[in-house]
Amino acid sequence: MTPFAFADDGRLWLAMCVVSLSSHSEPGHIELRKKGASTYLEYSLEQHCWLTRETLTLRPQEKQVLILSAQGLTVAQIADKMNRSVDTIKTYKRVMFERLGTRSITEALTLATNSGLI
């Protein structure tokens, strides 16, 4: 969703909705993001309000792993291109998945793309 205006009490008054793939494994996540912002808004279905969340960041090596993965390269090919060992690339991916809260390269790519991280 792209907010255009908020009411005086902070509720969303006017917005444009863009539906995209979700990086979450369960339904019900509503987020408002602005490219380049350090925070974003997430709607809490339990509390019925918008919560401010910190935007995640990726290290340069993690961005490179995601970009090369999106190009269809295998872990071995990524390791070769980045001049790292296969185990190092696996470690980059594992740490990145933990920080992003994802379980696969597809989820990580979706989150990174939707969040403007890559």
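The values are calculated or read from the model by the stated rules, or taken from the named source; none is laboratory data. Here the structure is a predicted model, which means the values were calculated and not measured. Glycine gets a Cβ as well: all are built from the backbone with ideal geometry, and neighbour counts include every protein chain shown. Side chains included, ligands, DNA and RNA excluded: accessible areas come from the protein's heavy atoms. Shrake-Rupley method; radii C 1.70, N 1.55, O 1.52, S 1.80 Å.
When only residues in the stretch 68-94 that are aliphatic (A, V, I, L, M) and touching a residue at least 12 places away in the same chain (Cβ under 8 Å) count, which is farthest from LYS35 (Cα to Cα)?
VAL75
Residue under question is GLU54, and the condition is that it be touching a His at 6+ places or on another chain (Cβ under 8 Å) and without any contact (Cβ under 8 Å) to a residue 60 or more places away in the chain; does it hold? Don't jump to the end; show me each part of the working.
On the way: touching a His at 6+ places or on another chain (Cβ under 8 Å): no; without any contact (Cβ under 8 Å) to a residue 60 or more places away in the chain: yes.
Against the criterion (touching a His at 6+ places or on another chain (Cβ under 8 Å) and without any contact (Cβ under 8 Å) to a residue 60 or more places away in the chain), GLU54 does not qualify.
Please state which of the following conditions GLN64 fails to meet, knowing it meets all the rest: (1) modelled with pLDDT of 85 or more; (2) more than 18 Å from THR113 (Cβ to Cβ); (3) out of contact with any strand residue (DSSP E or B) (no Cβ under 8 Å at 6 or more places or on another chain).
(2)
Considering only the stretch 43-80, how many residues are over 21 Å from ARG103 (Cα atoms) and either assigned to a loop (DSSP other than H, G, I, E, B) or open to solvent by less than 70 Å² (accessible area, probe 1.4 Å) (or both)?
Matching residues across the stretch 43-80 total 9.
Scan the stretch 81-92 for residues that are open to solvent by 40 Å² or more (accessible area, probe 1.4 Å) and part of a helix (DSSP H, G or I) and report the count.
Narrowing the stretch 81-92 to residues open to solvent by 40 Å² or more (accessible area, probe 1.4 Å): 81, 83-88, 90-92.
Right, trim to part of a helix (DSSP H, G or I) and you get 81, 86-88, 90-92.
The total comes to 7.
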